[in-house]
Amino acid sequence: MKALFATSLAATALLAGCAQEPAEVPLDGAWVLDGDRSQVSFVTVKASQVAEVHHFGEVSGSVSADGGASVAIDLASVETNIDIRNERMRDILFQVAEFPQAEVTAALDPADFTGLSVGDALTTSVDLTVNLHGSSATMPADLLVTRIGDDLVKVETAQPLVVAAASFGLAEGVAELQSVANLDSITTQVPVSVSLVFARDAADETAD
């Protein structure tokens, strides 16, 4: 009887432990960017010493099950907190009528992230292909990937990416902005910071 009772207690304890520590959900499958919780921002410096932070209001993207990542930035959604400057950025610099989006793509290795537990983070080095204003360039980047929930992942730049206007045919537009605003200078090297939240793709789960 005592042996049976002890066995029952052990089984109960085991079941309780299982209930308190559910199996970790693998970090795999397809993911969709949550635009409301994501942001792409950049810093400009004018007149040699006035730094200002701007951002884009509309960002979308996804990561496929095989690691193909794509992020699209709606350039018309640029927000500088000054309406006339927003208009000049859209029309003179980005020329959104002809080039409405910037697109960033990368190839990730899903095996690097599958075992990432909730609350854990890792830094990974990737090559980003940036398509902007009709030009394309590859930029190395260190990304901080944090699993913030069973079905949520945050991806951030470990340090800002420095984007050169000349690499994307934007130097002439910067010069025109400088002239229109009657400024002594505007930097043509722009630090860009990214913070993106991806949610597990429910459609992908349904398909499985």
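What follows is calculated from the coordinates using simple rules that are stated; it is not laboratory data. No experiment lies behind these values; they were computed from the predicted model shown. Heads up, the Cβs are rebuilt from the backbone with ideal geometry, glycines too, and the neighbour counts pull from every protein chain shown.
Go from 0 up to the bin containing the longest alpha carbon distance in the range 125-208, width 5 Å each, and give me the % of pairs per bin.
3, 12, 16, 16, 14, 13, 11, 7, 5, 3, 1, 0
Which label marks the calculated value of Cα extents along the principal axes in Å, given the options (i) 58, 45, 26; (ii) 93, 35, 28; (iii) 91, 46, 27?
So the calculated entry is the one marked (ii).
In nm, give the distance between the simple-model label positions of A202 and A97, each being 7 Å from the Cα along the Cα-to-Cβ direction.
Using points 7 Å along Cα→Cβ, the separation is 4.0 nm.
About the Cα centre of the chain, what is the dipole size in debye to 20, counting +1 per Lys and Arg Cβ and -1 per Asp and Glu Cβ, all else neutral?
520
Helix 171-180 versus the longest principal axis of the chain: what angle, 0 to 90°, nearest 10, using Cα atoms?
Relative to the chain, helix 171-180 is tipped by roughly 60 degrees.
What FRET efficiency comes out for T114 versus E87 if R0 is 35 angstrom and r is the Cβ-Cβ distance? Round to the nearest 0.05.
Working: r = 46 Å, r/R0 = 1.30.
It comes out at approximately 0.15.
Quick one: angle between helix 2-20 and the longest Cα principal axis of the chain, in degrees between 0 and 90, rounded to 10, please.
10
Using DSSP to define loop residues, name the GluC sites (Glu not before Pro) in the range 93-166 whose beta-carbon has at most 10 other beta-carbon atoms within 10 Å.
Values: sites: E98, E103, E156; in loops: E98.
Hits after loop and neighbour filter: E98.
Stretched out fully, how many nm does the piece from Q49 to S135 gain, at 0.36 nm a residue minus the Cα gap?
Numbers: separation 86, 0.36 × 86 = 30.96 nm, distance 2.93 nm.
Extra length from Q49 to S135 when fully extended: 28.0 nm.
Relative contact order for the chain: what is it in percent, counting Cα pairs under 8 Å that are at least 6 residues apart?
Numbers: 406 pairs, mean separation 50.2, N = 208.
Once normalised by length, the contact order is 24 percent.
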